[in-house]
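The values are calculated or read from the model by the stated rules, or taken from the named source; none is laboratory data. The model shown is predicted, which means the values in this text are computed figures rather than measured ones. Glycine also receives a Cβ, built like all others from the backbone with ideal geometry; neighbour counts cover every protein chain displayed. All accessible areas refer to the heavy atoms of the entire protein, side chains included, with ligands and DNA or RNA removed. Shrake-Rupley method; radii C 1.70, N 1.55, O 1.52, S 1.80 Å.
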Amino acid sequence: MSEKRYLFTPGPTPVPPEVLAAIAQPMVHHRGPDFRIVYERCLARLKQVFRTENEVLLYAASGTGPMESAVANLCSPGDRICVVAAGSFGNRWAAIGEAYGCEVDRLDYEWGETPFAEDLASRLAEREASVVLLTHSETSTGVVADVQRLVAAAKGAGAISVVDAVSSLGAVPLETDEWGVDVVVSGSQKALMTPPGLAVVSVSQAAWDARGTSPRFYFDWELTRKAQEIFDAAFTPAVSLVLGLDVALGMLLDRGLEAAFERHVRLGRACREGIKAMGLELFSPDDDTSAVVTSVRVPDPVDGTQFLLDVRDRMGITLAPGQGPLKGKVFRIGHIGYFDVFDITTALAGIELTMAEAGADIECGVAVTRALETYERAPA
Ligand code: PMP
């Protein structure tokens, strides 16, 4: 095993040293002024990253926590809800809806397809739904959906829109208020450059007014909203992670969200051009929407599972496997958050060498240069 490790998965993602240092500070009490000042600032920064005036609720949870909170707060058993599913996380929405006793109407796509607002509009015209559950960046395939248009379709049909932005918030544009997204959920471990363990959800007035009767307690939005109003917390927060998130959000906002969005586009371009230059085939779309995750088809005669083990054991590089029906057929490179072009070139160099040794027909020695040129040349 190589001593130095490189984490190129679409979550968790690398964490900046400044954030790690904040997390390593001595513990403070969560109801004292030491924490309150950070909590208040962190909540204000979250609103800026969400681009919303709505309340953003902060939980100790993984990203699935606020997904569940959306269903628990918005739905009543028996409600008909619509899930747009084109991969693993769309399926998760459906599973949560079913667990809460909803009648789940699935608008299904093949894994890797891009959902269309027109399809959603005609489905909702055929069968009404009180809530529409959407995935912005489907991390399992690399597809980033046009949620602005999907949300407009949901709104047009009078439904509450909920967007899973776990792998997109802070990486690609998401205008919560301008696009009228009722509920946005996300997590700390992707473009927010913080370890896993914090989860966030923004809630519009329409969503507050549409709350249902499903049983809930920890994830009852009202408990956390009331506590946050006075910069208290309903439950013991993940204090150290909040200290880290506050620093990470400060870094993101100081440099500007637009700069982060542009960097992700350029990283995606560099990664795709490098992959194609060495002769591999993309699975995720070959355009600038693929700014979060690049999925690559595993070529013959390579064993996809063995390839990931080899690249990790020999070079210390962790890439992500395909999930569900894509297991063994694709691998994924995350370029989210604290990431630069040399992370891309490191990933490409490792992939190239390992693929060539595994017998793939690879053109060696061109991918890194192509990626660097693409990154440099990319217009704003
Ligand atoms: N949605 C998306 C799009 C994700 O990428 C993830 C995490 N991979 C989740 C939801 C679930 O988050 P968690 O695993 O933190 O519960």
Fill in: Surface per residue (accessible, 1.4 Å probe) for segment 135-203, Å²
20 Å²
Worksheet entry | Spin-label model distance (nm) - residue 108 vs residue 251, 7 Å beyond Cα toward Cβ | 4.2 nm
Worksheet item: Say we join alpha carbon atoms closer than 10 Å with springs in a Gaussian network model of the chain; which of 268, 256, 170 then has the biggest fluctuation?
Response: 256
Worksheet item: Mind checking the angle between helix 304-315 and the chain's longest principal axis? C-alpha axes, 0 to 90 degrees, to the nearest 10.
Response: 80 degrees
Worksheet entry | Cα-based shape type of segment 149-226, given that a ≥ b ≥ c are square roots of the gyration tensor eigenvalues and the cut on a/c is 1.5 | oblate
Discussion item. Can you compute the label reach from residue 213? Point 7 Å from Cα along the Cβ direction, backbone N cut-off under 20 Å, restricted to segment 108-139.
Written reply: 129-131
Worksheet item: Using every alpha carbon pair in the chain, what percent of pairs falls into each 10 Å bin from 0 up to the bin containing the largest distance?
Response: 5, 24, 31, 24, 13, 2, 0
Worksheet item: In degrees from 0 to 90, rounded to the nearest 10, what is the angle of the helix 239-255 Cα long axis to the longest principal axis of the chain?
Response: 70 degrees
Fill in: Potential lengthening between residue 259 and residue 41 on full extension [0.36 nm per residue; Cα-Cα distance subtracted]
76.3 nm
Worksheet, complete the sentence: Relative to the chain, whose Cα atoms define the longest principal axis, helix 117-126 and its Cα axis are tilted in degrees, nearest 10, by 40 degrees
Worksheet, complete the sentence: For segment 298-358, Rg(Cα) over 2.2 N^0.38 Å is 1.09
Worksheet item: Given 0.36 nm per residue, what is the gain on full extension from residue 178 to residue 363 after removing their alpha carbon distance, in nm?
Response: 62.0 nm
Discussion item. Suppose we keep just the DSSP beta bridges with both residues in the chain; what percent of those would be antiparallel, to 5?
Written reply: 50 percent
Practice prompt. Of all alpha-carbon pairs in segment 155-196, indicate the percentage at a distance above 15 angstrom.
Written response: 44 percent
Discussion item. Need the C-alpha centroid separation for segment 309-339 versus segment 56-99, integer Å.
Written reply: 26 Å
Practice prompt. Measure of size requested: the Rg and Dmax of segment 139-297, with Cα atoms as the atom set and Å as the unit; please supply both.
Written response: 18.0, 57
Discussion item. How large is the translational diffusion coefficient of segment 62-133 in µm² per second when you combine the Kirkwood radius over alpha carbon pairs with Stokes-Einstein at 20 °C and 1.002 mPa s?
Written reply: 174 µm²/s
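When the helices in the chain are scored as -39500 (n - 2.57) per DSSP H run of 4 or longer and the sum is shared across all residues, what 222 nm value do you end up with, to the nearest 500 deg cm²/dmol?
My calculation for the chain gives -13000 deg cm²/dmol from helical runs alone.
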